[in-house]
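The values are calculated or read from the model by the stated rules, or taken from the named source; none is laboratory data. In this text the structure is predicted, and so the values were computed from the model without any measurement. No Cβ is skipped: glycine too gets one built from the backbone with ideal geometry, and neighbour counts run over all protein chains shown. We work out accessible area using only protein heavy atoms, side chains counted, and drop any ligands, DNA or RNA first. Shrake-Rupley method; radii C 1.70, N 1.55, O 1.52, S 1.80 Å.
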Amino acid sequence: MVVWACMVPYRKFTSAWSLALLVSGSVTLAQAPPIPGKAETKPTFILKQFSAGQPIRLIAYGDMRFTDPKITEGTNPKVRQWLAQKIGQEKPQALLVTGDMPFIGDKKADWEEYQRETASWKEDGFPVFPTMGNHEITHERERGIANYLDNYPMLERHRYYSAVLGSVEVLSLDMTEAVSARSEQGRWFVAQLEHLPASVDFLLILYHIPWVADTQSQLVASLPSKDSLFLRSVVEDHVGHMHARVLVFNGHIHNYERFERHGVEYIVTGGGGAVPYPILFRGSHDLYRDTGFPVYNYVTLEVKDHQLHGVMWKVIDPDAASLNVEAKDSFTVKANPAVQPKAKKR
């Protein structure tokens with residue numbers, strides 16, 4: 001797949017393992033086996049075309065439900081296709097997808113439609129970082145997971161992974177598996193948080209089900225889920241000891257929401273084309289207060305000079321003959337001060 005031609009797994013070379021190298025442009029990387037009995041602490045991937053301190057522009061969005069364009073119930077093919085093309089025109093350096101790419105995950109035809117409607121993403125070869133949603137495992141779970149992995153061969157069968165892009169690290173978790181302090185994914189998540197590269201200013205976490213949600217979703221849909229609450233508690237327990245600022249990107253709610261808790265930013269961007277959800281009561285903790293509906297959207301993220309600036313772009317009128325977007329929310333997150341080495345005792 002062209003879009004990830006410059007992304008390769010990170011491996012440490014040892015004499016017991018043959019050196020596996022993939023060279024593409026400026027990228028040269030090697031990978032080592034995981035330590036038996038221990039959670040992997042190193043990033044799954046390192047993208048060598050990005051360097052620490054280099055400005056980078058990303059886009060985050062999700063919940064498209066790609067399927068036959070004749071199907072208009074549950075997804076809006078007009079808006080969905082336009083947003084996919086618009087993101088290609090934006091030419092981000094990386095794209096974060098919060099899940100629910102296909103309508104029916106076990107249906108190969110829906111994945112083929114995803115590939116057709118996102119063809120513009122491949123023209124500039126930017127990497128796409130996905131996370132699985134509930135529609136990825138509809139109807140037949142295992143077949144849906146296989147289709148997901150087949151459509152993202154650059155993940156090398158990793159259902160959860162981390163990727164370093166200079167001063168940014170993307171960490172994607174798998175919502176299709178339960179997590180706990182003793183689960184393999186839970187232990188891996190903790191190990192990754194405790195061993196972030198010192199060069200990383202911003203950690204961007206992807207997970208489909210929201211970790212913080214509006215009051216309406218809490219009451220009606222029992223969100224966040226048990227797993228989301230566990231993962232949120234892990235992050236908030238660690239954030240005070242981390243150099244990197246943390247932003248969590250979720251989908252599932254087909255709207256846009258933004259929260260801040262204990263120094264962590266939580267953004268729900270699920271307006272990629274699936275049937276929109278009206279939020280009649282957000283609650284005071286939701287920092288997005290606009291009452292306009294529907295909220296088809298994507299979020300641009302500009303990282304520069306140790307700051308991350310985000311803007312939510314909303315489709316102005318989805319029924320208009322010609323679609324366009326307007327900026328409806330923005331936020332800025334400053335990197336934590338660099339960790340200073342302790343002075344030596346005389």
Using helices alone, what [θ] at 222 nm do you get for the chain, with -39,500 (n - 2.57) per DSSP H run of 4 or more residues, divided over all residues and rounded to the nearest 500? -6000 deg cm²/dmol
Suppose each label sits 7 Å from its Cα in the direction of the beta carbon; what would the residue 220-residue 142 distance come out to in nanometres? 3.7 nm
Determine the sum of side-chain charges near residue 67: Lys and Arg each +1, Asp and Glu each -1, restricted to other residues whose C-beta is under 14 angstrom from that of residue 67. -3
Output the relative contact order of region 57-211, whole-number percent, from Cα pairs under 8 angstrom with separation of 6+ residues. 22 percent
When only Cα pairs under 8 Å and 6 or more residues apart are kept, what is the percent relative contact order across the chain? 17 percent
In nanometres, the difference between 0.36 nm per residue of separation and the alpha-carbon distance of residue 287 and residue 124 is 55.3 nm
Cα pair distances of region 186-267 binned at 10 Å [whole percent]: 17, 53, 25, 5, 0
If you place +1 on the Cβ of every Lys and Arg, -1 on the Cβ of every Asp and Glu, and leave all else neutral, what size is the dipole of region 223-296 about its Cα centre, to the nearest 20 Debye? 60 debye
Quick check: with the 1.4 Å probe, what order do 86, 328 take by accessible area, largest first? 328, 86
Rg(Cα) of region 158-200 divided by 2.2 N^0.38 Å? 1.20
FRET efficiency for residue 78 and residue 261 from the Cβ-Cβ distance with R0 = 35 Å, rounded to 0.05, comes out at 0.45
Percent relative contact order for region 84-160, counting Cα pairs under 8 Å at least six residues apart, stands at 38 percent
Want the number for residue 304 to residue 41: 0.36 nm per residue separation, take away the alpha-carbon distance, what's left? 92.0 nm
At 7 Å along the Cα-to-beta-carbon direction for both residue 52 and residue 181, put a label point, then send me their distance in nm to one decimal. 3.2 nm
For region 117-272, what is the Kirkwood hydrodynamic radius in Å, using each pair of distinct C-alpha atoms? 16.4 Å
Along the three principal axes, how long is region 188-346 when you take its alpha carbons, biggest first, rounded to the nearest angstrom? 72, 35, 27
Note the full-extension length gain between residue 116 and residue 330 as 0.36 nm times their separation in residues minus their Cα-Cα distance, in nm to one decimal. 73.9 nm
Classify region 113-168 from the C-alpha gyration tensor, please: rounded if a/c falls under 1.5, else prolate or oblate depending on whether a/b exceeds b/c. oblate
Principal semi-axes in Å for the chain [√(5λ), Cα gyration tensor, largest first]: 31, 24, 20
Assign unit charges at the C-beta atoms only (+1 for Lys and Arg, -1 for Asp and Glu), then state the dipole size of the chain relative to its Cα centre in Debye, rounded to the nearest 20. 1360 debye
For 150, 201, what's the largest-to-smallest order of accessible area, 1.4 Å probe? 150, 201
If each part is reduced to its alpha-carbon centroid, region 127-203 and region 74-105 end up apart, in Å, by 19 Å
Rounded D (µm²/s) - region 248-303, Kirkwood Rh over Cα pairs, Stokes-Einstein at 10 °C, 1.306 mPa s: 134 µm²/s
For residue 336, net neighbour charge (Lys/Arg +1, Asp/Glu -1) across residues whose Cβ lies under 12 Å away: +1
Considering the Cα trace of region 232-280, what is its radius of gyration and what is Dmax, both in angstroms? 13.1, 40
Longer than 21 Å from Cα to Cα, which of 86/314; 42/91; 91/314 are they? Say none if no pair is. 42/91
Above 13 angstrom, tally the Cα pairs of region 274-333 and express them as a % of all pairs, no decimals. 68 percent
Which of rounded, prolate, oblate describes region 62-179, given a ≥ b ≥ c as roots of the alpha-carbon gyration tensor eigenvalues and a/c under 1.5 marking rounded, otherwise prolate only if a/b is larger than b/c? oblate
